[in-house]
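For reference, the structure discussed in these notes is given below.
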Amino acid sequence: MSWQVQINHIWREGNRSADWLANFSLSLDSFNLHVIETPPRELRCLLFDDISGACMPRNVHLIA
Amino acid sequence: MTNHPCSVQSTRVWLRLVSSNHMTNFFSLNCRDWIFDNLNNKKMASHKIEWQTIFMVICWHLWMWKNKSIFEEEFHRPFNPIDVILKMATEIDNCKQTQISGWPQHTDTIFIGWKTPREGWVKLNCDGAHKSSSSLSGCGGHFRDSMGNCLNSYARKIGSCDALHAEMWGMYIGMDMARRQEITHLHVESDSKVLVDMVTGKCNINGNVPTLIRHIRDLKT
């Protein structure tokens with residue numbers, strides 16, 4: 001099967017929902033892969049932020 | 001000199017660090033003036049470090065030590081409080097200096113948010129987590145379509161590995177799932193710049209390429 005894959009870096013502020021899942025994994029009992037079809041409430045909030053276009057500020061240095 | 005309800009330990013610290021010609025003023029001002037005077041006065045220190053820095057560091061330590069001595073049974077105030085304070089103040093001052101000389105003074109605030117993938121593409125956001133206290137790692141991520149619908153999510157506890165390997169696992173597991181789900185156009189996003197550079201070949205890897213990086217590269221093609 002051929003597919004197209006593109007891999008990009010994103011700032012932490014744009015990856016909050018994945019961050020939530022990674023932290024959530026630490027509380028799992030087993031080491032098995034845990035697939036979630038219906039996101040729990042906390043994750044739903046973050047997903048909602050994402051699709052509604054919520055932005056987080058980040059201070060950056062501009063190098064002239 | 002008795003305006004401030006200072007403990008013996010705290011007074012001892014102030015007496016050592018406030019320069020002698022400011023001593024009278026220091027112990028006689030009311031609280032508000034005392035704070036502003038100390039935050040604005042650059043010449044009070046008997047040391048090379050800026051007084052504002054020392055002042056803030058002293059306040060923070062005295063407050064912390066007082067709390068700890070009340071709430072933590074085992075706590076003992078440090079034997080050499082002055083050294084502890086000066087060490088931290090020097091560190092902060094050094095950081096401030098390098099920041100000023102090392103960076104041009106242009107800073108800006110940018111706003112960052114998640115964006116939906118192009119039509120026909122599925123976006124995978126993946127991440128790793130590492131807790132140094134328990135040396136436990138895990139990873140997770142999810143798939144969303146161009147309408148922003150979440151297709152599904154995954155999470156997996158890994159065990160003991162470093163933060164970068166946790167990120168690698170997050171990407172590998174996600175891409176492997178995508179392949180099994182027969183997704184044809186996948187846009188992967190990770191907040192680990194090192195990982196993205198390793199996978200896309202933008203950085204040189206000394207020695208052997210980590211097995212997981214090789215697996216991710218294999219999946220990519």
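Points to keep in mind about this one:
- Figure legend. Inter-residue proximity from the stretch B:5-17: first residues open to solvent by less than 100 Å² (accessible area, probe 1.4 Å), second residues of a type in the set (Gly, Ala, Ser) and in a helix (DSSP H, G or I), beta-carbon distance below 9 Å, spacing 6+ or different chains. Indicated pairs: B:GLN9/B:SER69.
- Flag for B:VAL188 being at the interface with chain A (Cβ under 7 Å from one of its Cβ atoms) and assigned to a helix (DSSP H, G or I): no
- Selection from the stretch A:30-59 of residues that are surrounded by fewer than 18 Cβ atoms within 10 Å (Cβ to Cβ) and part of a strand (DSSP E or B): A:VAL35, A:ILE36, A:MET56, A:PRO57, A:ARG58, A:ASN59
- Answer residue from the stretch B:204-221, given it is of a type in the set (A, V, I, L, M, F, W, C) and assigned to a loop (DSSP other than H, G, I, E, B) and is nearest to B:CYS161 (Cα to Cα) among those: B:VAL209
- Against the test of being crowded, with 19+ Cβ neighbours inside 10 Å and hydrophobic (A, V, I, L, M, F, W, C), the options A:LEU62, A:LEU26 yield a single qualifying residue, A:LEU26.
- Test result for B:ASN94, in a helix (DSSP H, G or I), at pLDDT below 90, within 31 Å of the chain's Cα centre (by Cα) and not hydrophobic (A, V, I, L, M, F, W, C): yes
- Looking only at the stretch A:2-29, and only at residues there that are assigned to a loop (DSSP other than H, G, I, E, B) and more than 7 Å from chain B (Cβ to nearest Cβ), the one that is farthest from the chain's Cα centre (by Cα): A:SER2
- Here B:LYS193 passes the criteria (1) touching a Phe, Trp or Tyr at 6+ places or on another chain (Cβ under 6 Å); (2) surrounded by fewer than 18 Cβ atoms within 10 Å (Cβ to Cβ) except the one numbered (1).
- Flag if A:ALA18 is open to solvent by less than 50 Å² (accessible area, probe 1.4 Å) and in contact with a strand residue (DSSP E or B) (Cβ under 9 Å, 6 or more places away or on another chain): yes
- A single member of B:LYS157, B:LYS131, B:LYS220 is open to solvent by 10 Å² or more (accessible area, probe 1.4 Å), touching a Ser or Thr at 6+ places or on another chain (Cβ under 8 Å), in contact (Cβ under 8 Å) with a residue 12 or more places away in the chain and within 8 Å of chain A (Cβ to nearest Cβ), and it is B:LYS157.
The values are calculated or read from the model by the stated rules, or taken from the named source; none is laboratory data. Since the structure is predicted, the reported quantities are computational estimates derived from the model, not experimental observations. Glycine gets a Cβ as well: all are built from the backbone with ideal geometry, and neighbour counts include every protein chain shown. Side chains are part of the model used for accessible areas, which takes the heavy atoms of the whole protein and leaves out ligands, DNA and RNA. Shrake-Rupley method; radii C 1.70, N 1.55, O 1.52, S 1.80 Å.
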